[in-house]
Structures are given as C-alpha cells and as structure tokens.
Amino acid sequence: MGYFDYGNDKEWIEDFETFENDLKTKNNVVDLGYCRISSPSGKVDRQTRKLNLIYNIVEENMYSDFNSGVSKNRKQLNIMIERIKNNPQTLFNVYVSRVSRLSRGGFEECLCIINEIVDCGGIIYFVNDNFNSSDLDKKEYLMRLETISNEAKSYSDNRSLDIKEGIKLSQEKKRIEGLTKRGKKKDFEYVKKCIELNKLDCYTLQEIGDMCYMTRQSVSKYIKKYNNGELEDLFNEIN
C-alpha cells in the first residue's frame, strides 16, 4: 500500500478496499500506545496517562522513546513495529498523541513510518490531530498530514538554530556557567518561571524553554537543582 502518489485516487481506493477485506480475517484486536519525548530527563507521563485514560492501554502495550523525533534510531518504535509484523492474525490499533510524537523528519519520513505500520496490519491514530491512517485515502487528510509533518520538521529545524544562536549570544556576553554567578535579576526570574511552569505538569521541557528563553537542557538542569533544594535561597533573594 502506498500513499505517495495521492494524485491517483482510484488506484489508492482499490488498494485500501483490499486492505480492509484483509482485516476481516484477523482473529483479535490489540491496542498499542506510542509516546516520545526528546530528552531522557523529561517526562513522558502526560502522554502515557492520556492514552491509558482514554483507550485503557495497559503498560505492556505502551512503547516510549526518549529521543529526537528527527532520529531514526528509536528502539521502542522498532520493537513495536516488529511485534506488529510478527503477528499477522492480529489487528493492532496504534495510538499516538500527535504526528510530531511519531516523527519530526518531514512528510516523506512520517509517511514511511505510517506505511510500515499499515502494511503489516496496523492502523495508527493521531489523537490530538483528530485523524487516523484509514482517513488517508482522502486527499484532504493526506494533504493535512503533509502540512502538519512539515510544520513539525520546520519547528525542529528552527529550534536547533535558536539554540545555536542562544549559545553564541551567551558566549558574546561572556556569561559564566552556573546560576549563582550570572548576577542578573531577570535571569533569576526566568528560572523561577520555568520552575512554576514545570509544577503545572502540562508543558514539555521544550515548551517551557521556549517561554523562558532557555534551552531544554537548561530547563532540565534548573528543575533538577530545584528538586535538590539548591535554589531556595536564590528565590528568596529576588522576592
């Protein structure tokens, strides 16, 4: 089954109907969840809790990677796909919170992963994006996937440039590594803001970093310092 030539609707529909008929021969249905965050120090709990709450996916059917969405070296994703391939008599429903959790490598790479899952007997659902792989027989949904996946790649590319630019500016300003030596009240306030945002438990480290003008690594470092009780005196100084 292929999605790339979506200008030929008739050919796609014939392939999809064949696939639908094949599903009728499968003996049982298993729900799987796939989650991903970029940093090993981050939390994947929000994604797993949501999939468990809505679809009742048990722990042994949840696959989580702590790696960049651009990387193709994702162990749990490969293990999950291998499981689908090795059980042809089972229909696997794969739930992912959004397209960017599956891949940030752009349209063709995202589509390649979807094709691999679908071709070996799975259906993938993008929960927050409100569509699934079965919808991709319609040109409008395929074009939507193309837009979303390319936007995710663009965000990732721009984020990498922002981090490099931030490091360059910090070097030009001769900032000294370590919170206690930076010496600017504004810097302390951003650190405090990042701690408060993390307490809300609704933002990723990358999203917190964007709001606090920090890299994801810096956010992780300050959260760790806070959890170890190292920032209490500093916060008192700026109150």
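Rule-based calculations on the coordinates, nothing more; no lab input. Because the structure is predicted, anything quoted here is derived from the model rather than measured. Cβ coordinates were reconstructed from backbone atoms using ideal geometry, including for glycine residues, and neighbour counts include every protein chain displayed.
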What FRET efficiency do you get for ASN56 and ASN115 if R0 is 22 Å and r is their Cβ-Cβ distance, rounded to the nearest 0.05? 0.20
Mean Cβ-within-10 Å packing, highest first, puts peptides 70-81, 109-120 in the order 109-120, 70-81
Full extension between LYS43 and LYS85 adds, at 0.36 nm per residue less the Cα distance, a length in nm of 12.2 nm
Within the under-12-Å Cβ sphere about TYR141, not counting TYR141, Lys/Arg +1 and Asp/Glu -1 give a net charge of -2
For ASN150 and TYR203, compute 0.36 nm times the residue count separating them, minus their Cα-Cα distance, and round to one decimal in nm. 16.9 nm
